[in-house]
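The structure appears right after this line, and notes come after that.
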Amino acid sequence: MKFLTSSIFLVFFMFTYAEELADKEYVIDLNLPPRERYTQIINDKKEVIKEIYGVIKREIPRNLWKIVASTFATVTIPKFKEYAEEIIGISQILNITATDIYVLNCFYEIDMLCTSIVARDKDNKLILARNFDFSFTPYLRKMHVTAVYKRNGVEIARCGNIAAYIGVFTCMRMGAFAVSMNARGMNNVQDFLLKLREGRLLTTWMLREAVLNAGNYKSAVRMVEGKRTVSASYITIVGVKENEGTIITRTRDSPVNIRKLSKNVWYIAQCNSDVGHVGDKRTEWVNKAMTELGQSNTSLDVILNQVLLRPPLLQSNTVATILMCPADKYFKSIIATNSPAEGNEVH
């Protein structure tokens, strides 16, 4: 009976999740002045942004908030002027200080638990699929959007993103490559602050630069491998040509492990622990599920329904699932609307 109940629940959940809520799309016009680029998103999401701002500001210690906020004037404005201008534009619409919007952007860098899978599907096309998991889930589900970056009227990239956030967690350069970021462990706050003061990029800002400026998979990999950032991370990148798929395990300074697709390796998966870490049930489960599935049965829809939408990968803090195939210029972002059955979560 328990098995039957669980099975009925899973079927119901998968149906409602997959059919109910697709992301709303917003154009980020890079030809506009930076302060004007996010106007539509912010106006549409103004109320929920203000809600989460109040919640997060109560959660973060005041002295820590002040330290992070101080780097906006000392580092971001002089060194990353374009990003600073975008943040100022967002702050003016919300009537919240630019330093506080900046702190929110930094906060998202520290606390992110996700699953990313890069694979060759049954038709030998390269795909990237991921669950985006985060704290404050009810708010972020309302804030998650598809950001469509355009320059000179041409669509450059599509990204699954959070309103009021200017970096990218999950993004596809049209016809070229796709990327996703998973947090690597819990980033030490003191080290994070030290690197922030040094003037390093947020990792999600680095990914945005790669997506908007690298024209192909190899260039994107070089940028990700070569940049120093404020946080450790796992970066997944997939291209359009044979074996263009990699997961890069990074410290704040450089890569420490690189896994790639090959003739004999048709998929790679990453959660939030290093290769060989014992006791990570999500990693164990995703590898078992993908191995049992096999390349001959694999597609984005199959990974969605048979892997990512099943506990323990599906969590109560899953915000969205994003599916990408750069060769086909296919990008789909689905908002999570329900939680998995109680007792099935694994952190």
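The table below gives the values:
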{"item": "In segment 296-311, residue most open to solvent (accessible area, probe 1.4 Å) [restricted to those that are touching a residue at least 40 places away in the same chain (Cβ under 8 Å) and outside any helix (DSSP H, G or I)]", "result": "310"}
{"item": "Criterion (of a type in the set (A, V, I, L, M, F, W, C) and open to solvent by 20 Å² or more (accessible area, probe 1.4 Å)) met by exactly one of 55, 103, 68", "result": "55"}
{"item": "Test: residue in segment 263-280 that is in a loop (DSSP other than H, G, I, E, B), of a type in the set (A, V, I, L, M), open to solvent by 30 Å² or more (accessible area, probe 1.4 Å) and touching a helix residue (DSSP H, G or I) at 6+ places or on another chain (Cβ under 8 Å)", "result": "no"}
{"item": "Residue match in segment 109-117 (condition: part of a helix (DSSP H, G or I), at pLDDT below 95 and within 24 Å of residue 149 (Cβ to Cβ))", "result": "yes"}
{"item": "Pick from segment 186-209, criterion part of a loop (DSSP other than H, G, I, E, B) and touching a residue at least 24 places away in the same chain (Cβ under 8 Å), ranking: nearest to the chain's Cα centre (by Cα)", "result": "202"}
{"item": "Conditions (1) among the β-branched types (Val, Ile, Thr); (2) surrounded by fewer than 18 Cβ atoms within 10 Å (Cβ to Cβ); (3) outside any strand (DSSP E or B): number failed by residue 258", "result": "(3)"}
{"item": "Counted residues, segment 138-163 - those being open to solvent by 10 Å² or more (accessible area, probe 1.4 Å), in contact (Cβ under 8 Å) with a residue 12 or more places away in the chain and within 15 Å of residue 55 (Cβ to Cβ)", "result": "3"}
{"item": "Number of the condition not met by residue 240 [criteria: (1) farther than 28 Å from residue 140 by Cβ; (2) in contact (Cβ under 8 Å) with a residue 40 or more places away in the chain; (3) in a helix (DSSP H, G or I); (4) among the β-branched types (Val, Ile, Thr)]", "result": "(3)"}
{"item": "Any chance residue 87 is open to solvent by less than 10 Å² (accessible area, probe 1.4 Å) and either within 21 Å of the chain's Cα centre (by Cα) or more than 18 Å from residue 166 (Cβ to Cβ) (or both)", "result": "yes"}
{"item": "Counted residues, segment 54-79 - those being more than 17 Å from residue 199 (Cα to Cα) and among the aliphatic types (A, V, I, L, M)", "result": "4"}
{"item": "Meets criteria (farther than 30 Å from residue 77 by Cβ and modelled with pLDDT of 95 or more) for residue 20", "result": "no"}
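The values are calculated or read from the model by the stated rules, or taken from the named source; none is laboratory data. Computed from a prediction, not measured in an experiment: that's the story for all the values here. A quick note on method: Cβ atoms are made from the backbone with ideal geometry, for glycine too, and the neighbour counts reach across all protein chains shown. In case anyone asks, the SASA skips ligands and DNA or RNA and just uses the protein heavy atoms, side chains included. Shrake-Rupley method; radii C 1.70, N 1.55, O 1.52, S 1.80 Å.
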